[in-house]
Amino acid sequence: MIDSGYLTVKLGAQALEAIQEGGSSSTGKSDEDEHDDDDDKEKEEEKVVYDTAASDTSRLSAARPSPIEVLDRVKINNTKETPRSTIKSVLKPSNPELKFSRYNLKRVEEKLRRAFVEFYHKLRLLKSYSGLLAKSGRKRHPHGHGGAQIGPFSDSDDDIEEGIKSAPILVHSASHGYETTFLMAAEEGGEYETVFFRRLDDEFNKVEKFYKEKVEEVMKEAVMLNKQMDALIAFRVKVEHPDGWPWEVRTVEMTRLASNVSISAAAVAASTPAGARSMKLGAQALEAIQEGGSSKAGKSDEDEDEDDVEKEEDKVVSEDISRLNAARPSSIEVLDRVKINNTKETPRSTIKHVLKSSDPELKFSRDNLRRVEEKLRRAFVEFYQKLRLLKSYSFLNVLAFSKILKKYDKVTSRNATKSYMKMIDNSYLGGSDEVIRLMERVEATFIKHFTNANRTKGMNILRPQAKRERHRITFSTGFLGGCMFSLVVALFAIIRTRNILQEDGHKKYMNTMFPLYSLFGFIVLHILMYAANIYYWTRYRVNYSFIFRFKQGTELRYRQVLLVGFSIGVLALLCVIANLDMEVDPETNDYKALTELLPLILLIVMFIVLVLPFNIFYRSSRLFFLTCLFHCLAAPLYKVTLPDFLLGDQLTSQVQALRSVQFYICHYGWGDYKLRQNTCTDSDTYNAFLFIVAVVPYVCRLLQCLRRLFEEKNAEQGYNGIKYFLTIVAVCLRTAYSVDKDNQFVWRMLAGIFSAIAAIFCTYWDLVLDWGLLNRTSKNRWLRDKLLIPQKKVYFIAMILNVLLRFAWVQTVLDFNFSFMHKQTMVAVVASLEIIRRGIWNFFRLENEHLNNVGKYRAFKTVPLPFNYDEDDDKDN
């Protein structure tokens with residue numbers, strides 16, 4: 001591109017010179033000069049003939065004033081930019097000769113001037129682009145596991161002397177890392193700069209040490225995944241060919257494997273820089289194993305000199321024949337040393353573990369193959385995300401040190417960036433390429449074995465795209481929010497203008513219809529609190545999607561959650577207003593059965609949408625919620641994860657909503673809706689289920705704590721189980737007090753005592769263990785060391801609110817009644833306060849969990865591997 005542009009501009013310049021001269025290029029020269037010019041012309045012609053590959057510099061030096069004869073081969077371009085030129089182009093007049101006028105000369109000069117300016121800008125852009133490439137593509141030095149560190153001045157002796165003269169620092173490697181010697185400490189303020197570089201060295205050594213440790217960890221995981229892939233291939237071969245491979249298929253597989261291996265070897269040999277030595281562990285780990293091929297068929301890359309490139313190519317070609325003979329399908333005998341891991345995540349595996357039933361042999365079925373592939377796919381995705389984070393960690397830290405040093409140079413007017421950044425580029429953090437090589441191997445393996453060689457599909461799974469905010473979501477959320485607010489105002493206006501609260505049917509309506517519609521109010525309030533939590537988690541950078549273990553790219557944003565809540569609220573309010581209108585209108589007053597069915601119809605619609613199997617209405621989120629809900633109900637049979645017990649905690653705050661569901665079953669199942677009456681409270685069966693429904697969430701949490709106590713051997717889970725047991729006793733006593741009218745005093749005393757004990761225990765657990773607050777030795781007194789919210793008063797306000805709302809049960813025991821508020825309204829208000837308290841608790845609980853993850857460097861999900869090798873068991877024993 002540069003050559004073509006250069007030649008175009010050069011030809012234009014030659015034509016311009018010819019026009020300006022208007023005569024021979026030899027005008028004003030002597031005969032000797034003309035003779036010398038003729039000799040130079042002959043030499044130049046010989047140079048053009050014999051040196052066709054001359055560089056741009058030689059062509060530039062060879063340029064000379066062009067002869068007038070060049071005008072015989074050129075004509076002025078008709079660009080058709082003016083009306084005159086456009087009309088001439090349409091009429092196609094002939095233009096046999098150039099007009100040598102000053103007007104044409106001016107136009108030609110102007111066009112060439114613009115061409116030179118644009119060409120110059122293009123050269124500057126290309127120069128900047130090449131500089132960026134040179135900076136981002138700096139030479140990276142592969143390091144071994146503990147290889148020797150390379151000093152910052154590893155270039156020639158001249159560069160060392162020049163660096164010492166110009167740079168104010170001298171960086172060298174030491175036993176504990178890198179050290180910087182400030183050479184101008186004697187100057188004024190030099191001691192502060194010495195301290196600056198000492199602290200900078202400490203930070204860099206800490207970052208490099210952490211990065212090296214994490215790279216060593218992923219290398220070990222790569223070896224383990226490599227062994228898992230060997231077992232998967234052997235398992236797949238065993239499933240697809242249970243009787244063994246025919247010789248014809250074996251030969252075809254051998255040929256295909258050898259061909260792919262040779263291609264890969266040639267590509268690696270061509271791309272590997274001279275003198276680069278890769279880690280032996282990284283080179284052997286996670287090769288792109290072909291179907292039915294052994295991961296040990298290829299060899300690790302060796303160091304080669306630049307002078308021996310041709311010999312190396314011959315060596316690769318000659319080794320293809322030996323590799324063709326050595327290649328063989330993956331050894332089936334590897335299955336004799338492995339067994340499928342029993343992760344105890346399902347009821348069946350849990351029962352097997354309790355009964356300690358032995359599983360002596362592998363079952364080579366397609367169902368087992370599918371499960372093994374799914375587990376390994378998840379393991380590869382998480383491993384690849386870990387590699388991406390390590391790569392970003394290296395890049396961001398190198399960039400941070402670069403900005404720090406540039407700021408230092410700007411403030412002190414020194415030139416320390418070049419020397420220090422040279423050390424960083426040669427260090428393990430800035431120069432190692434094990435992570436990049438491992439990422440390429442993971443991509444090749446995953447695409448080959450899990451996406452049927454479809455690279456686009458494989459990369460979309462490994463690198464899911466971030467969800468884009470859609471304007472229609474924002475518009476719909478705002479529209480439905482406005483509708484919900486308008487319907488609330490309309491509902492209060494209808495109640496006020498028609499004096500519905502003063503009519504005789506008011507109490508009957510509150511005892512029958514209000515508990516039905518209050519269910520939707522509890523659900524909408526909890527959804528709105530969850531949306532607020534997501535908003536503030538995002539604002540304060542709490543990684544809630546990782547904590548909840550959402551599949552990447554499927555988590556809901558706060559606008560989407562608000563959209564769901566507003567939709568349910570609008571539908572519920574429309575049903576309420578329609579119900580009131582039908583009751584008041586004399587024409588529709590006779591259709592009592594139809595008006596009573598409106599809340600049931602809405603509940604059925606919500607349930608259908610929730611369990612809808614089609615990929616609409618946030619299918620992944622609905623499936624995640626249903627899975628966690630099922631795990632809560634079958635608590636002791638499933639491995640307890642953080643989403644499971646967090647959902648169990650949410651259910652403990654929705655006891656009144658669960659009782660509303662019980663009222664739905666009673667009201668519509670027994671036919672009370674036809675007569676608009678409530679006979680459920682007169683049934684002993686219904687009252688017995690009040691106890692069962694109220695304690696179900698707490699029993700689920702108690703069983704989860706017991707499961708974690710036996711698995712993790714953590715005594716803290718035992719105390720947590722005691723907390724839920726006390727809460728179960730308190731809830732049962734309060735329910736008995738509200739149901740049994742004969743022994744009111746005894747039930748009130750027992751309910752008050754146990755409720756107070758449970759509330760104090762739960763409050764202490766919330767503030768100290770769940771939120772991590774009330775730490776007297778913290779630098780933030782009575783809080784914790786690390787806080788995400790800068791305003792400390794927010795934490796004290798949250799603690800006070802949590803204590804006050806924890807004791808909202810006092811209304812149940814002391815029977816606080818207000819003349820302007822119905823009993824059902826009071827129950828709904830107390831239940832709403834508990835939901836609000838749970839929403840506040842959710843934010844600080846996940847904040848504390850996020851800070852614990854950051855402090856313990858937990859940024860990846862733990863994925864169980866499908867196979868377990870016998871030697872691994874020996875090591876564990």
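The values are calculated or read from the model by the stated rules, or taken from the named source; none is laboratory data. Note that the structure is predicted; figures quoted are calculated from it, not measured. Neighbour counts run over all protein chains shown; Cβ positions are idealised from the backbone, glycine included. For accessibility, only protein heavy atoms count, side chains too; no ligands or nucleic acids. Shrake-Rupley method; radii C 1.70, N 1.55, O 1.52, S 1.80 Å.
What to note about this one:
- Amide H contacts of Ile169 (H built 1.01 Å from N, in plane; Pro and chain starts excluded): Leu183 sit under 5 Å, all sequence-distant by 5 or more or on other chains.
- For the stretch 772-779, Karplus couplings with θ = phi - 60° (6.51, -1.76, 1.60), whole Hz, Gly/Pro x: x, 9, 6, 9, 5, 8, 6, 5
- Computed in the context of the full set of protein chains, the accessible area of the stretch 739-877 at 1.4 Å probe radius has 62% of its extent on carbon or sulfur.
- Amide H within-cut-off set for Asn341, under 5 Å, with H built and near neighbours excluded: Phe867, Asn868
- Highest-first arrangement of 800-807, 640-647, where packing means the average Cβ count within 10 Å: 640-647, 800-807
- Only one residue of Phe710, Ala694, Cys732 has its Cα farthest out toward the positive end of the dipole of the stretch 678-733, where Lys and Arg carry +1 and Asp and Glu -1 on Cβ, and that residue is Phe710.
- Efficiency of FRET between Ala634 and Phe710 - r from beta-carbon atoms, R0 22 angstrom, step 0.05: 0.85
- Rounded to the nearest 10 Å², the accessible area of Thr681 at probe 1.4 Å: 80 Å²
- Cβ crowding within 10 Å averaged over residues, with 486-499, 568-581 ranked highest first: 568-581, 486-499
- Between the listed residues Ser819, Gly839, Ile797, the Cα displaced farthest toward the positive end of the dipole of the stretch 780-842, a dipole computed from Cβ unit charges relative to the Cα centre, is found at Ile797.
- In the context of the full set of protein chains, residues of the stretch 544-668 present 48 Å² of accessible surface per residue (probe radius 1.4 Å, heavy atoms only).
- Relative contact order of the stretch 403-502, pairs being alpha-carbon contacts under 8 Å that are 6 or more residues apart, as %: 9 percent
- Ranked by how many other beta carbons lie within 10 Å on average, peptides 698-707, 854-863 from highest: 698-707, 854-863
- Nonlocal amide H pairs with Phe364, under 5 Å, H built at 1.01 Å: none
- Translational diffusion of the stretch 583-691, µm² s⁻¹ [Kirkwood Rh, Cα pairs; Stokes-Einstein; 25 °C; 0.890 mPa s]: 146 µm²/s
- Set Lys206/Lys551; Lys220/Lys339; Lys209/Lys422; Lys551/Lys861; Lys375/Lys467; Lys206/Lys856 screened for pairs whose C-alpha atoms are more than 22 Å apart: Lys206/Lys551; Lys375/Lys467
- For the stretch 512-657, size of Cβ-based charge dipole, Lys and Arg +1, Asp and Glu -1, in debye: 1120 debye
- Per-q log10 I(q)/I(0), the stretch 382-445, q = 0.21, 0.24, 0.26 Å⁻¹ (Debye; single scatterer per alpha-carbon; no solvent): -0.82, -0.95, -1.04
- Hydrodynamic radius of the stretch 666-810 per Kirkwood, over alpha carbon pairs, in Å: 18.2 Å
- Each Lys and Arg adds +1 at its Cβ and each Asp and Glu adds -1 at its Cβ; summed about the Cα centre, the stretch 761-877 shows a dipole of about 1060 debye.
- Where labels lie 7 Å past Cα in the beta-carbon direction, separation of Ala174 and Tyr540 in nm: 4.0 nm
- Computed about the Cα centre, the dipole magnitude for the stretch 673-740 is approximately 200 debye when only Lys and Arg (+1) and Asp and Glu (-1) carry charge, each at its Cβ.
- Net charge contributed by nearby residues that have their C-beta within less than 13 Å of Leu626 (K/R +1, D/E -1): +1
- HN-Hα J in Hz across the stretch 796-812 - Karplus 6.51, -1.76, 1.60, θ = phi - 60°, x for Gly and Pro: 5, 5, 5, 5, 5, 4, 5, 5, 5, 6, 5, 9, 5, 5, 4, 4, 5
- ³J(HN,Hα) computed for each position of the stretch 211-220 - Karplus, 6.51 cos²θ - 1.76 cosθ + 1.60, integer Hz, glycine/proline x: 5, 5, 5, 5, 5, 4, 5, 5, 5, 5
- Summing charges over neighbours of Ile76, with a neighbour being any other residue whose Cβ is under 10 Å away from its Cβ, gives +4 when K and R count +1 and D and E count -1.
- Label positions at Lys206 and Lys508, each projected 7 Å from the Cα along the C-beta direction, are separated by 7.4 nm.
- Accessible surface ranking that places the most exposed of Thr685, Thr512, Thr777 first, with a 1.4 angstrom probe: Thr777, Thr685, Thr512
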